[in-house]
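A.B. asks: Sharing a structure here in structure tokens format.
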């Protein structure tokens, strides 16, 4: 496995299986661009600030584990545009560690997306959120598996896991299965999930104001995805992912 050290103010592009270490106190940006199947271990040093981003359109297998040290914060943003088998885990190993993951996806044609997320609180005073939002069209499918785990040492943990899917056709399929595994009573951990069709009431509202049905559907779907991508803190990456998502949705 390739080893990569990232210092303060540095950016890195990771193209394959790697062990990435961000030095203590550093602020770093990391882009994942795997050419095929990849397994990546990322270590965020004490009080580091790490921003990760990835757009996947290859259908490869991808596994990322973030090891978050004391006082470190890791923000991870993903856009999945094809079938894939992926797992993203954040292990909050140090006191006060934080991790925030945003996943947006578009699954179309006959693509099969399998996405598993894990947010594991091992130390005291840790925080994290995982948001997964996507659309499934044609005869595609999506399987979402998410878990928040709070260990015995995770007193004071705060976390929220949300998985929401919009189905765009009668043959589209999806499942969302968030789970909580709590071994400490002094925590605040919640989850939410939904799988639904386009809201007919919203369609009717737009169409009553002169918007065609197809355009109205596009506005609703675009807004649904933007509500996730819009939460990405890095403005450059937020704009880039929104543009990629819009192009993917506009495809015939």
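A.B. asks: Taking region 13-29 as the region of interest, how many residues are farther than 17 Å from residue 62 by Cβ and part of a strand (DSSP E or B)?
C.D. replies: The number of residues fulfilling the criteria is 5.
A.B. asks: Please return the ranges of helices (runs of 4 or more DSSP H) entirely within region 185-252 where 1 or more residues are touching a strand residue (DSSP E or B) at 6+ places or on another chain (Cβ under 9 Å), touching a residue at least 12 places away in the same chain (Cβ under 8 Å) and closer than 22 Å to residue 74 by Cα. Quick ask: steps written out before the conclusion?
C.D. replies: Numbers: elements: 200-207, 213-229, 235-250.
Counting at least 1 such residues, we get 213-229, 235-250.
A.B. asks: If you scan region 82-128, which residues turn out to be closer than 19 Å to residue 68 by Cβ and in contact with a helix residue (DSSP H, G or I) (Cβ under 7 Å, 6 or more places away or on another chain)?
C.D. replies: Correct list: 102 only.
A.B. asks: Among the residues in region 82-100, are any modelled with pLDDT under 95 and more than 20 Å from residue 18 (Cβ to Cβ)?
C.D. replies: The answer is yes, given that some residue of region 82-100 is modelled with pLDDT under 95 and more than 20 Å from residue 18 (Cβ to Cβ).
A.B. asks: If you go through region 224-235, how many residues are at pLDDT below 95 and surrounded by 11 or more Cβ atoms within 10 Å (Cβ to Cβ)? Steps first, please.
C.D. replies: The initial filter retains those residues of region 224-235 that are at pLDDT below 95, namely 233-235.
Narrowing further to those that are surrounded by 11 or more Cβ atoms within 10 Å (Cβ to Cβ): 233-234.
Qualifying residue count, region 224-235: 2.
A.B. asks: Do we find that residue 79 is surrounded by 24 or more Cβ atoms within 10 Å (Cβ to Cβ), under 12 Å from the mean Cα position of the chain (by Cα) and modelled with pLDDT of 95 or more in this structure? Reasoning before the result, please.
C.D. replies: On the way: surrounded by 24 or more Cβ atoms within 10 Å (Cβ to Cβ): yes; under 12 Å from the mean Cα position of the chain (by Cα): yes; modelled with pLDDT of 95 or more: yes.
When the stated conditions are applied, residue 79 passes them.
The values are calculated or read from the model by the stated rules, or taken from the named source; none is laboratory data. Here the structure is a predicted model, which is why all the values come from computation and not from measurement. Reconstructed Cβ throughout: ideal geometry from the backbone, glycine too, with neighbour counts over all protein chains shown.
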